Each structure stands twice: as C-alpha cells, then as structure tokens.
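Read through the structure below, which is laid out as structure tokens, and then see the notes.
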Amino acid sequence: MKTTLEPPRAADTKPEEVPRRSAVRYRVRRFSHKALMYAILLGLTAIIMLPLSWAFTAALKPDIEPVFTPTPEWFPSEFWQWDNFRRVLTEAMPFLRYMINTMIIVIASILGVLLSCSIVGFAFARLRFRGSKVLFYVLIVTMLIPWQALMVPQFLLFVKIGWYGTYLPLIVPSFTGVAFFIFLIRQYMRTIPRDLDDAARVDGLNTWQIFLRIILPLSTPVLTVCAVFTFLWRWNDLLGPLIYLDDDSKFTVALGLANLVTLADTPWNLTMAANLVTVIPTVILYFFVQKKLIGGIASVGLKG
Amino acid sequence: MAEITLRRVTKVFADRTEAVHSLDLDVPDGKLLVLVGPSGCGKTTILRMIAGLEDLTEGTISIGSRVVNEVPPGDRDIAMVFQNYALYPHMTVYQNMALSLKIRKLSKDEMKLRVQETAEILHLQELLHKRPRELSGGQRQRVAMGRAIVREPQAFLMDEPLSNLDAKLRVQMRAEILRIQQDLKVTTVYVTHDQTEAMTLGDLVVVLRKGELQQVGSPEELYERPANLFVGGFIGSPAMNLVEATVTAEDGARFVAFAGHRLRVPVEVLDARRELAGFDGRTVILGIRPEDIEDAALVPRADPGSRFPAVVALREGMGSDVFLHFQVEAPPVVTDDTRELASDVGDKALEELREQASERRAMFIARVGPETRAAVGAPTEMHVDTRKLYFFDPATGRSIGEAPEAPSMHAAGAMAD
Amino acid sequence: MAKRRGLMARREERAAYLFLSPWLIGLMLFWLVPIVASLLLSFSEYNIITPPEWVGLENYRDMIADRTFWLSIRVTLKYLILSVPLYIVCGLLLSLLLNLVMRGINLFRTILFLPSVLSGVAVAVLWVALLNPDVGAVNEFLRAIGIEDPPRWLDSPTWAVPSVVLVGLWGIGGGAIIYLAGLQNIPAQLYEASLLDGAGPLQRFRYVTLPMITPTLLFVLLTSLIEAFQVFDIAFVLSRGGQGGLGDSLQFYLINLWNEAFVNGQYGYASALAWVLVLAAAAVILVIFRTSGRWVYYEYDPERER
C-alpha cells in the first residue's frame, strides 16, 4: 500500500479558516451531532417501549375484543379491563400461587448464594493455603462449562435421593456456592487493603471475625450485585423448574407462562396479562437497583 | 512493659529469598528502638515477625519472658501502627479504637472510659463519631496511634507510621510520638527508611542491610563511630564524602593522601585507630562528613596539614549554613555498599555515581558557615576537622581500628571497578 | 517453601479449607460425581427403570446417524454465526452511545437495559404475538411501509433462527452493560492525551477505546459463544414447548438434549450429547484463550501475589 497520501482530515478543520467562523461551525456541528444522537436514542427507546406498550394494551382488552387489530394498537384506548390482571392472578390462572412459589425459591437461593459465596470468595481472596491456584482454576472451569451439560446426571441424582418434585434441587446447590458469584466476590475482596486484615489480627480478631466484622461489611456492593443477579436468574429460570417440578401447584412463573403458550386455546389478552404480571417484580427491582447494578458491575471490574 | 528479644531469627520467603539472616536483637524494656535501612533490608519483615503476622523460618522471638513463636498476633499483647494506618473504613473512630477491647470482652463502661482517655491524650474527642474518610491525613495518623495506645499493650510496633504525611506534619507527629512514648514508657519498635527520623526518635538505632544487622547503638554512636562503610554512608545528611586515599608515614607523622591533597592525621585519631598503622602505603577509604569541612577563610590559624584547595561547582544557601559542592580529582568509592546507598537515594544518584566513577572524579559536599564568600568557579581553600576523619578497610568495608566487638561483621563487599 | 510451616500458615490454611468446604462439597456432589456419572452413562443405555446397560460406543455411533442431532448442530451453528458478531458489534455501539455525556442519558440507559432483566420466557411470549405472520404487529408494520410479502418468521424454516436472533437483539442491553462498565474504567486522561495529540473520534476509538476494552471483548466473546450452545428458553417457547419448531427449524442443541433426556427418557444417549457439548465448549474456550494473547491488552497484571 502506498503511504504518500495525506492523512485524512475533516473538511472543516482547514487551518486557514477564520477562527470565528470555525467556532460557529463547530457549534453547529456539535448541535447537529447531538440532535442525531438523541434521534437514535429516541428510536431505540421506541423499539423497546412499543412492544411492551402493545402487550399492556392487549392485556387490558376484554375477552370479546380482538387482540390483533389490522393496525396494531400500541396504546390502550377505551377498554381498560383491569380485571384481567385479577383473573390471571387468582381466578382463571393461579399466577399469584406461581409468584409465591418463585419467591420462595428466589429468597432461599439468595440466602444460599450470599452465605456460601461470600465465605468461599473470602477464602480465595484473602487466605493463603496450599492448592489455592489449582482450586482457583477449577473454579474458573466450573464457571465456564455450561451446567446444562451436567443436568442429566444431576437430575438422576436428585431423583435417587427423592428430591424430584420439590424445590430442593433448585435451592440446595446455591448453598454450595455459584462459581460466577464466588469469582466476582473474590475479585472485589482482593481490592480491600491487606493491612486491614493485619491490623485486625493484631487487634485480636480471628479469621472468622475478620471475615464477619471487617471484610463482609466492606463488600456490600458486590454482595448486592450477586443478590440481584440471583434474583433475576432464579425468577427467570425455565429449565430448572421444567425438569424438577411436575405438580402444577408448585410451578414457578416462568414455567407457568411457558406452559400457557403451549396450550393452544389460551386467550391472548390473558396471556399478555400473565406475562406482564410475571415481569413486574423484576422491573420493580430493576428500577430500584439499576444504578447500583451498573456501578456494581463496573466496580467488580470484569477484567478477565 | 516488657523487653523484646530476637535470637537467631531467620526468614526465608516461599520464593526462597532470604529477608532476614540469623538476627540477634534486644529491645530493652521501655525503650524506643528504631530499625532503619534501605528498602529490602528486612526491617518490615522483622516487625511483622514480632507482631506475629509472619512466621519465623528459624530462631525465637520472646516478649517479656515468653517465647511467642507460636502465639497468634492477638494474644501477643502488642499493638501495631501501620504505614497506611489501616483504619477500618466502615467503623467510626470510636469503633476503630474500641474493636480490640470488644474482642477482649471488656465491659462497655471500661471500654468507653479507656477510649475517652486515649482520645484525650491525642486530642481526638471531637472526632470519635466520624469515619476515617472524613479525617485528614494527620487525624487518621492520630487515630491509628490511638488504636494502639488504647490497648495498653506491652509493646508498640510502628511500621513507617509517618511516611504518608507531608514534611511539616511529619515533624509535628514525630515529636508527638516521642512525647507519648516517653510518657507511657512502652517498649517500642519503630521501622523507618528515613535516617533523620531514626536519629531523632531512637534510644537505640539498628541499621540493617539485606537482612543483616550492621550496627546497633545510640544515634551518637552510629554517627561518631560507624562500624562500617555502609553505616557511615547511611547515617548523616548530607551523606559522608567518601574517597580512596593512601596512608603514608613521614617523620613520625601519618598523612592521608587523596587526589593530590594531603591531610595530617592527628595523634588522637592514630591512638583511637591503632590498626591504621598497618595500612602504611596502602589504600584506604577516607570518609569526611560535610559538616567537618569548613571554608578555610572562616577558620583562623588553621594547620596547613588540614587544608586543601578546591573549586566550587555549586553553592546552595540554606540560611543557617551553606552547602558547597566541589570536585575531587580522585575516583569515588564504588562498592556494593555505596551502590546500594546511592540506589536508595534514587536512580539518578546511582547514575551520578557511575558517571563520577567513569570520569574518575568524586563529588564532595561541604557544609560551611553562612559567612562564606566562596563563589561558584572560584578557587577556595577548604579546612577539614582532621580529628573527625573516618577510615574504612576497602577490602571488608570495616571501620579501621574501631569497635572490634561490633557484631556480625560480614564482608561488606569487595572493591568494584 | 519454608522448611517448617509456621503456626500462622497452618492456622490460615485450616481456616481456608473450612471456609471453602461448602464449595468443595458442592464441587464433589454437583460436579465431580455428575461428571463421572455422565461419562459412564454416555457409554450405557439407561431409562431410569431398568439398571444401566453398558453399550460401549453405541450412543456415539447412534449420534452420527441421528438426523435430529445433525439438525440441532446446524441450527445452533446458524444461530452462532448470525448472533455472535451481531450482538458484539451492536452491544458495543449501544454502549458507546450510552457512554456519551448528554442530558437524560441515565433515563435512556434505564429504558434500553430494561429488556435484559425480563425473563426469556416473558420476552418469547411477547414476541410470539408480535411475530405472528398474519396478524402480528411486526408484519403489519412491514406491510404498512410497503413490503408486500413479509417473512413468515417462526412459521418459516428459513426465518425461524433469524427470528430468535432478532428477539435476542431486542435484549442487547445486557451485553451493553458489561461494555459500559469496561468503557467507564478507561482513564479520562487517555482521551485527553489523545485529544491533545489531535486524534479525531474514529482515531480515538481505534487507538484508545478499542485496545482498552479488549479484556471486556474477550469476556463477552467467550460468554456469547458458550451461550449460543445454551439457547433454550426462547426456543422452547417459540417452538411451543420444545417441539423443535416447523421442520425442526428451532431444534437447538439443548432443546434436542432436553427432548432426548426428559421426553424420550434416553438418559444414556442424552449424556453422550452432553459430553459433546462439554467438549465443544472446552474447545471454544481453549481456542479463544490460546489466541487471546495476541489481541487482548492488559493494563496491568491483575495477579499481584505477596
């Protein structure tokens, strides 16, 4: 390739231009640049919000009205059948039951993740022991290998010990730690100065007290991230409940919803109402923690 | 209160580097002992071993009459002040200071009383409910001190506690540490790389180099009778001027010659350094402290045997006195010792040492009276207080004719270049 | 190693293994035992009722002859090739957009990240309706802008996988969060320095942004490749309960595996499928890590052991 060409240069930054004119141009260019960015953002917002708004519209329609209209109705108009939500929750479908079921699994899993991952992450982050390198590699490997690859033998194991049809297969593994969260917590705890442990040891704290009184209180940002991720992961999980739960009264929201669409005769207005009902807890949680979540991911520093 | 005793303490890290080699050390009860030396000399490792934060590879450490090798840090009855203070960020000042008492299950009332008392000593009363991030550097330092004092321990261990403060605050806190230590009379081991700090604080100063003890003594002893070239070069600021010189005997008098100059060695020096006689006609390393060189014009009736001419290359006025830099037409002393001393000052100092060696010209500094008229480029007569000449054996680095009882005198490195 | 391990080291080690014990137990029960069991099962025929029967390599031979297996590979690869580059580029572009300093940007971030917290099932249910070829909103829209014969999406073997990709694109915000975190870790001085050097926006991207986020890119590439093998929820719903869609057009690898194990009860064969999945994932990880040294730039060594 020939390299005798001038380096590329924007047309309006020629040095001979009059300073004032160039300043005006610069401002015009910045303004139009900004306008373009806002236009793109608004377009993307529409792509996200319109389908949700359509779902909302559909969910509010009475049974006799067609959900699908020749021109899609993006916004609710005259119907407002709020009753649909009640029907989905308790009457026509047991989604309130599903939500309670899911909440039980979610809360137990969060408890398990916070308990186990924090102490395991602490050991990896701040204790010296023989075999730490090897075990850390094992951790990374278990983080990368999809767990679905082991779902068959795990299923057989849980069937053998009589846990099929209970929530235990969905909860108990959380109490033995989740590799990804252990990794996140370890990365975060490594950033806490070592001197604090030394000071605490001199102050007479043992390892457990150092964990409980010093390191754990300083790790709340990463623990929040882990709790939120666990919530989303458990609330949204389909495959786990699909494999282990057989009784309709024990279904989770994801499983109940997936079940709904496989039945051909479910009315669309109720399907959409059920759909919205299941996402509401995650959306509420999201709005509460989204700043912390983004900040948390940044502070955890996914540096590979 | 208790004395601290180290016997044949050796530390080898997992990567096989030997940080401390067979060290014997006694910290007398109630005294402040300073461990000083360039980075990598093992001083912090020694402190951490006393604290129990680091295991010993060999040897024993006792606090009082108790061997503490197998005692965890919290049960050694010692308190430590860290370089970065290591205050618990999520706790208030009060909680920081009270934690160790809480762990020891003191009653709430006693805890409160002791924290209050300590806060008074350090003027921390107003800060007790603040968190560390709301405090200034000096305040954090005081809280770190308070956390140690409140324990009423048998010993304080301090790991460069002042190095994160600015110069002014450092002097102030240094005085405060000294005051508190003298008030409480608690055995203290203090680590620093700053020899000025070591000299002003210590009842006893221990100079270390590469995990080996060089000399233990009072600040005056270290300054006046350095056991070897390393200690001589390390203690004192600006550092001692060092040059290769020859000892000659003429008419019953002894002279030391360097760079075409000749200084008469006074009788009292010869008496104190009897070994010097054995060096007739041989090379020695001559050390002259900057404060022992004066502008000859300011010294009336000076003996011609204690003068030599020089051309001033740089003049630094300090107010109280003036630093004159001048070249000496002799190679600087380049040994492992001087190289390490230079590299401790900085890469630039090491580079300068190399440059001077290749040009075979050493740079001297004289600390002269403020009345001096010496100007840059002007020939100036220098007067040396020849009673305070230092002599070192170039082969071993040992001080000649000095302190035969000096402990662990290992060869300080052969002459290089 | 020190000659004799001291008290501190021994105590610390004992504490460490005590702290690790929940994980070690889990590793044993939920990883090691299943891995061994799965390997043995993959050489057996097992239907949970009668005891396993050793059949040697038969499961693997069956696999080679299994039309559905090859279809699932095709569907998965098709998805991988379409989705991975698209998601990486779009996620990066979105995060660059959301990293701009503009009024109201936090609101846009909140909205655009929203779909990524919704469950795969919920999103799929929504899009089943939107993508209905005859009355769905997407095709109504396409007809309105003059496309006479819009794709039949999930009802078309050609468009089924692209439909899944498209639905995934709607939730691209999740990837963008990770990029955004990477972007916000880039020190501002680097941009200031490059501005003073006279670099334009494109040059800044090329010489500052891109090298600095290569670790994030590595992470995203790795996870999105592995996730391509794990597509399940959306395909399950879109194919009406994991039936594989029209002409097996949504027969993703995991759908097939699930069907073999939990619908057909072929646990031995399913274990063999699982082992192929593990090997494929391992191969991807190895290749990526082997080549990553050439293009991933680390600012500093994160391992600073004492």
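The values are calculated or read from the model by the stated rules, or taken from the named source; none is laboratory data. This one's a predicted model, so the numbers in the text were calculated from it and none came from an experiment. Every residue, glycine among them, receives a Cβ derived from its backbone with ideal geometry; neighbour counts consider all protein chains shown.
Only one entry in B:LEU165, B:LEU157 is more than 21 Å from B:GLY236 (Cα to Cα), in contact (Cβ under 8 Å) with a residue 24 or more places away in the chain, out of contact with any strand residue (DSSP E or B) (no Cβ under 7 Å at 6 or more places or on another chain) and outside any helix (DSSP H, G or I), namely B:LEU165.
Taking the stretch C:38-60 as the range and being facing chain A (nearest Cβ under 10 Å) and crowded, with 19+ Cβ neighbours inside 10 Å as the test, the residues that pass are C:SER38, C:LEU41, C:SER42, C:TYR46.
Taken over the stretch C:193-211, the criterion of being among the hydrophobic types (A, V, I, L, M, F, W, C) and out of contact with any helix residue (DSSP H, G or I) (no Cβ under 7 Å at 6 or more places or on another chain) is satisfied by C:ALA193, C:LEU195, C:LEU196, C:LEU202, C:PHE205, C:LEU210.
In the stretch B:340-358, the residues that are of a type in the set (Phe, Trp, Tyr) never reach a residue that is assigned to a helix (DSSP H, G or I) and surrounded by 15 or more Cβ atoms within 10 Å (Cβ to Cβ) with C-beta atoms less than 8 angstrom apart, at least six apart or across chains. The single residue among C:ARG14, C:ARG4, C:ARG74, C:ARG10 that is modelled with pLDDT under 90, more than 8 Å from every other protein chain (Cβ to nearest Cβ) and out of contact with any Cys (no Cβ under 6 Å at 6 or more places or on another chain) turns out to be C:ARG10. Return yes when B:GLU120 is acidic (Asp, Glu), out of contact with any helix residue (DSSP H, G or I) (no Cβ under 9 Å at 6 or more places or on another chain) and either in a helix (DSSP H, G or I) or farther than 22 Å from A:GLY204 by Cα (or both) and no when it is not. It is true that B:GLU120 is acidic (Asp, Glu), out of contact with any helix residue (DSSP H, G or I) (no Cβ under 9 Å at 6 or more places or on another chain) and either in a helix (DSSP H, G or I) or farther than 22 Å from A:GLY204 by Cα (or both). Selection over the stretch A:114-136 of residues that are more than 7 Å from chain C (Cβ to nearest Cβ), free of Cβ contacts under 8 Å to residues at least 24 places away in the same chain and charged (D, E, K, R) gives a count of 1.
Within the set A:LEU223, A:LEU270, A:LEU242, A:LEU212, the sole residue that is over 19 Å from the mean Cα position of the chain (by Cα), part of a helix (DSSP H, G or I) and within 14 Å of chain B (Cβ to nearest Cβ) turns out to be A:LEU212.
Which residues, taken from the stretch B:14-41, are without any contact (Cβ under 8 Å) to a residue 24 or more places away in the chain and either surrounded by 15 or more Cβ atoms within 10 Å (Cβ to Cβ) or within 19 Å of B:VAL231 (Cβ to Cβ) (or both)?
Quick first cut of the stretch B:14-41, residues without any contact (Cβ under 8 Å) to a residue 24 or more places away in the chain only: B:14-17, B:26.
Passing the criteria: only B:ASP26.
Taking (1) surrounded by fewer than 17 Cβ atoms within 10 Å (Cβ to Cβ); (2) at the interface with another protein chain (Cβ under 7 Å from one of its Cβ atoms); (3) touching a residue at least 12 places away in the same chain (Cβ under 8 Å); (4) more than 28 Å from B:GLN141 (Cβ to Cβ) in turn, B:THR57 satisfies each apart from (1).
Would a scan of the stretch A:186-193 turn up a residue that is among the aliphatic types (A, V, I, L, M), buried (at least 20 other Cβ atoms within 10 Å of the Cβ), over 24 Å from C:ILE25 (Cα atoms) and modelled with pLDDT of 90 or more? Show your work before the answer.
To start, the set of residues in the stretch A:186-193 that are among the aliphatic types (A, V, I, L, M) comprises A:189, A:192.
So of that shortlist, the ones also buried (at least 20 other Cβ atoms within 10 Å of the Cβ) come out as A:189.
Narrowing the set further to residues that are over 24 Å from C:ILE25 (Cα atoms) leaves none.
No, there is no match, as no residue in the stretch A:186-193 is among the aliphatic types (A, V, I, L, M), buried (at least 20 other Cβ atoms within 10 Å of the Cβ), over 24 Å from C:ILE25 (Cα atoms) and modelled with pLDDT of 90 or more.
Counted as qualifying within the stretch B:1-65 are the strands (runs of 3 or more DSSP E) with 2 or more residues that are more than 18 Å from B:VAL186 (Cβ to Cβ), namely B:4-12, B:18-27, B:58-63.
With respect to the stated conditions, B:ASP75 is charged (D, E, K, R) and either closer than 17 Å to A:ASP203 by Cα or at the interface with another protein chain (Cβ under 9 Å from one of its Cβ atoms) (or both). Taking the listed residues B:VAL269, B:VAL247, the one that is outside any helix (DSSP H, G or I) and β-branched (Val, Ile, Thr) is B:VAL247, with no other qualifying. Residues that are farther than 26 Å from A:SER219 by Cβ, among the hydrophobic types (A, V, I, L, M, F, W, C) and not in a strand (DSSP E or B) are absent from the stretch B:75-93 altogether.
From the list C:LEU169, C:LEU222, the lone residue that is at pLDDT 85 or above and in contact with a Cys (Cβ under 9 Å, 6 or more places away or on another chain) is C:LEU169.
From the list B:LEU178, B:LEU157, B:LEU165, which residue is at pLDDT below 90, of a type in the set (A, V, I, L, M, F, W, C) and within 30 Å of B:VAL231 (Cβ to Cβ)? Step through it out loud before you land on a result.
Numbers: B:LEU178 fails: at pLDDT below 90; B:LEU157 fails: at pLDDT below 90.
Sole residue among the options that is at pLDDT below 90, of a type in the set (A, V, I, L, M, F, W, C) and within 30 Å of B:VAL231 (Cβ to Cβ): B:LEU165.
Within the option set B:LEU242, B:LEU263, B:LEU298, B:LEU213, being over 21 Å from B:PHE326 (Cα atoms) and of a type in the set (A, V, I, L, M) holds for one residue only, B:LEU213. When the stretch C:203-235 is limited to residues that are hydrophobic (A, V, I, L, M, F, W, C) and either free of Cβ contacts under 8 Å to residues at least 60 places away in the same chain or in a loop (DSSP other than H, G, I, E, B) (or both), the one that is farthest from the other protein chains (Cβ to nearest Cβ) turns out to be C:VAL208.
Report, by residue number, each residue of the stretch B:78-94 that is surrounded by fewer than 19 Cβ atoms within 10 Å (Cβ to Cβ), more than 7 Å from every other protein chain (Cβ to nearest Cβ) and within 30 Å of the chain's Cα centre (by Cα). Matches in the stretch B:78-94: B:GLN83 only.
Are any of the residues in the stretch C:142-153 surrounded by 18 or more Cβ atoms within 10 Å (Cβ to Cβ) and in contact with a helix residue (DSSP H, G or I) (Cβ under 7 Å, 6 or more places away or on another chain)? Before you say what the answer is, go through the steps one by one.
To start, the set of residues in the stretch C:142-153 that are surrounded by 18 or more Cβ atoms within 10 Å (Cβ to Cβ) comprises C:151-153.
Those left that are additionally in contact with a helix residue (DSSP H, G or I) (Cβ under 7 Å, 6 or more places away or on another chain): C:153.
Within the stretch C:142-153, one or more residues are surrounded by 18 or more Cβ atoms within 10 Å (Cβ to Cβ) and in contact with a helix residue (DSSP H, G or I) (Cβ under 7 Å, 6 or more places away or on another chain).
Looking across the stretch A:188-208 at every residue that is facing chain B (nearest Cβ under 7 Å) and not in a loop (DSSP other than H, G, I, E, B), the one that is farthest from A:LEU223 (Cα to Cα) is identified as A:VAL202.
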